[in-house]
Each structure stands twice: as C-alpha cells, then as structure tokens.
Amino acid sequence: RGEIRNLLGLLLTVGTSAAPGGRSVAGEGPLDQEPVVSKFTKLPSGTQIADLSLGKGSEIQEGSRVLIDYVFRRADGYFVASTENGEPFGFTVGSTEAIPGLDEGIRGMKQGGTRRIVIPIKNSFVCGLGKTCPGPIPTDFGQRRQIERQMQRNDPYNYFFFEVSAVSVK
C-alpha cells in the first residue's frame, strides 16, 4: 500500500495545459500542476478520481455520448496517448464500449474538464484486447502486449492510470 501512495504522489506531479482554443490536453503541461481537489476520491469499485480542471460544458452521465483525449500510463511510466491514433476515443457512457473503470471514472466530469483516473486491474481490460472488447485499445501490437503482461500478473495492487480530457459531451 505504501507503493500505491508513492505512485499516486508521483502522478500528482504530471500536469495538463491548454491547447489552441483553450481546450485542456491530457498529459501535457507544467510538472507542478496540482489537481483542483486536494486528494483522490475512491469510488465503490476501487477506481480513484481527481479533477485537474473543471469543465464548463455539459456534464457526463449515463447515456452521454462522449469523446475523450487520454493518456494511459502504467506505474513504470510507460504511456499511450489517444493522439497516437489521431483521434479522441468515443463511446456512450454505460454501454460497455469502454473499460469499466474508465466508464465509471468519467461520470460527473464536464466538457472541457480534465481528470486523473486510477483504475485497478479488475476494472480494466478484463475482456482482453480483441476488437469486440471495451476500449480504448491501442492499435500498436507492442502496446497491447504490454497491457496483456500487466493483466497476466494478477496483482491486486497493480493499477492503470488515465488522464482524460472531455472533448465533447452530447
């Protein structure tokens, strides 16, 4: 548990910045950016959330159609960004199109907001990485293989970290 606290403290040092047009961009910005909340909030599933910036648009709720930019990180610093695929990840909240921890973790965000989401392995890629499984699923084989290795470890203290920006909420 001490390792998790250290990792969470380390993650609080990764910031965000505004892209052209004032949109927050996940994973970019000053390293001293602090969340707008003082600590992570633990959800019933074990997923933890912390808002970095509060949006001013529509709130994400069950049934919302969302587009998110994301940076997906592992505890060792390895990361995948949605910009590598050239477009945001889109899904309908509550539809099983996104991994469970991400679907749960973005609820309550507002368009334009940025949030850190710490997802336990049990709430992540439990279906696997096939085309019919919930996403976001990296397109690169090496990135998918890294996720598979983490899933095979079956370590209850292993987490995936997402930093997401709500690009569109409908």
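Observations on the structure shown:
- Residue check for Gly94: buried (at least 20 other Cβ atoms within 10 Å of the Cβ) and either more than 15 Å from the chain's Cα centre (by Cα) or part of a helix (DSSP H, G or I) (or both): no
- Scanning region 134-170 for residues that are within 23 Å of Gly63 (Cβ to Cβ), open to solvent by less than 50 Å² (accessible area, probe 1.4 Å) and either modelled with pLDDT of 85 or more or of a type in the set (Asp, Glu) (or both) yields Pro134, Gly135, Pro136, Phe162, Val164, Ser165, Ala166, Val167, Ser168, Val169.
- Residue within region 116-136 that is over 29 Å from Gly55 (Cα atoms), touching a helix residue (DSSP H, G or I) at 6+ places or on another chain (Cβ under 8 Å) and not in a loop (DSSP other than H, G, I, E, B) present: no
- Exclusive hit being touching a residue at least 40 places away in the same chain (Cβ under 8 Å), under 22 Å from Lys42 (Cα atoms), surrounded by 15 or more Cβ atoms within 10 Å (Cβ to Cβ) and of a type in the set (Phe, Trp, Tyr), set Phe79, Phe72, Phe89: Phe72
The values are calculated or read from the model by the stated rules, or taken from the named source; none is laboratory data. On a predicted model such as this, the values are computed, not experimentally measured, just so you know. All Cβ positions, even for glycine, are placed from backbone atoms using ideal geometry, and neighbour counts span all protein chains on display. Side chains are part of the model used for accessible areas, which takes the heavy atoms of the whole protein and leaves out ligands, DNA and RNA. Shrake-Rupley method; radii C 1.70, N 1.55, O 1.52, S 1.80 Å.
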